1. Of everything in region 213-248, what is of a type in the set (D, E, K, R) and either under 21 Å from Ala180 (Cβ atoms) or surrounded by fewer than 13 Cβ atoms within 10 Å (Cβ to Cβ) (or both)? Give them in sequence order.
2. For region 89-125, enumerate the residues that are within 24 Å of Tyr196 (Cβ to Cβ), among the hydroxyl-bearing types (Ser, Thr, Tyr) and out of contact with any Pro (no Cβ under 7 Å at 6 or more places or on another chain).
3. For the subset of region 185-236 comprising residues that are charged (D, E, K, R) and part of a loop (DSSP other than H, G, I, E, B), which member is nearest to the chain's Cα centre (by Cα)?
4. Would you mind telling me which numbered condition in (1) touching a residue at least 40 places away in the same chain (Cβ under 8 Å); (2) more than 19 Å from Asn33 (Cα to Cα) Arg122 fails?
5. Condition first: of a type in the set (D, E, K, R), surrounded by fewer than 22 Cβ atoms within 10 Å (Cβ to Cβ) and in a helix (DSSP H, G or I). Now tell me which residues in region 135-150 satisfy that.
6. Go through region 7-56 and report how many residues are out of contact with any Gly (no Cβ under 6 Å at 6 or more places or on another chain), not in a loop (DSSP other than H, G, I, E, B) and not acidic (Asp, Glu).
7. Can you tell me which residue within region 84-123, out of those that are among the basic types (Lys, Arg) and over 21 Å from Val137 (Cα atoms), is nearest to the chain's Cα centre (by Cα)?
8. Is there any pair with a first residue in region 154-173 that is farther than 26 Å from Met235 by Cα and at pLDDT 95 or above and a second that is of a type in the set (Gly, Ala, Ser) and part of a strand (DSSP E or B) whose Cβ atoms are under 6 Å apart and which are 6 or more apart or on different chains, and what are they?
Amino acid sequence: MEGPPADPATYASFVGEFAARYCGRVQAIEVWNEQNLHYEWGNEAIDAARYVRLLASAYRSIKAACPSIIVISGAPTPTGANPPAAIRDTTYLEQMYRAGLRNYCDAVGAHPSGYGNPPDARVQDFQAGNYSRPSHVSDSSFYFRNTMEQYRNIMVKYGDSNKRIWPTEFGWASTGSPVAGYEYALYNSEQQQGEYIVRAYQMMRNWGFVGVAFLWNLNYNKSNPGSELAAFGIMDRPAYGMLQGMSK
């Protein structure tokens, strides 16, 4: 993936033209994706302040073209990796706020991952010895609930509690033959995958600080079999029917 343009106005011009063209048909735009991860930032030096400058320019351009479009800040990805590979998502979110995030978004993007853990489990449960898995359990980044609660706490800390979190990507993987690095998908049966997704939606609705939540993903188990993406697909799996029957 290419990195950000040297001049934020270049990107702002594009999204402004897009917003003008599709005003009334497109309801929201997320500005960038997982910019706290080196390859999603074009392998350039990760820099939250630079990202917020890009976001600010895009926000102004979008709003000038179509005030009704909701601008979502780019969702960081939960990671415990250190620079230069990544910056921890919660650290990066705080850096975004210190750079002025509050003034340039209508909602905060998030990618809360559950890995092999139920949506209501927390790293505190693991630390207390009440919960265990072979791996992907020792850090709060591995827990859907921790990620969502930590983001909310940061928003409150920086006086932005009136906004909502938009999970623009979340889900659980399930497969008996995971791709290397995705072994946690073994811990989730297909039945549990569906149960976790439904429970997560119920939790988000009950929290009251969550906006639109996008499930990752529908059909990569059909279109990209054997890939790491496929383990997250719900087509022809119990999760599909569970979501159909879920109270909306």
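1. Selection gives Lys222, Glu228, Asp236, Lys248.
2. Passing the criteria: Thr90, Tyr115.
3. So, considering only residues that are charged (D, E, K, R) and part of a loop (DSSP other than H, G, I, E, B), the one nearest to the chain's Cα centre (by Cα) is Glu228.
4. Unmet condition: (1).
5. Once the filter is applied, which keeps residues that are of a type in the set (D, E, K, R), surrounded by fewer than 22 Cβ atoms within 10 Å (Cβ to Cβ) and in a helix (DSSP H, G or I), region 135-150 yields only Glu149.
6. The qualifying residues number 29.
7. Out of the qualifying residues, it is Arg102.
8. If the second residue must be of a type in the set (Gly, Ala, Ser) and part of a strand (DSSP E or B), the pairs left are Lys163/Ala107; Arg164/Ala107; Ile165/Ala110.
The values are calculated or read from the model by the stated rules, or taken from the named source; none is laboratory data. Just so it is clear, the model here is predicted, and its values are computed rather than measured. Methodologically, a virtual Cβ is constructed for each residue, glycine included, from the backbone with ideal geometry; neighbour enumeration extends over all protein chains shown.
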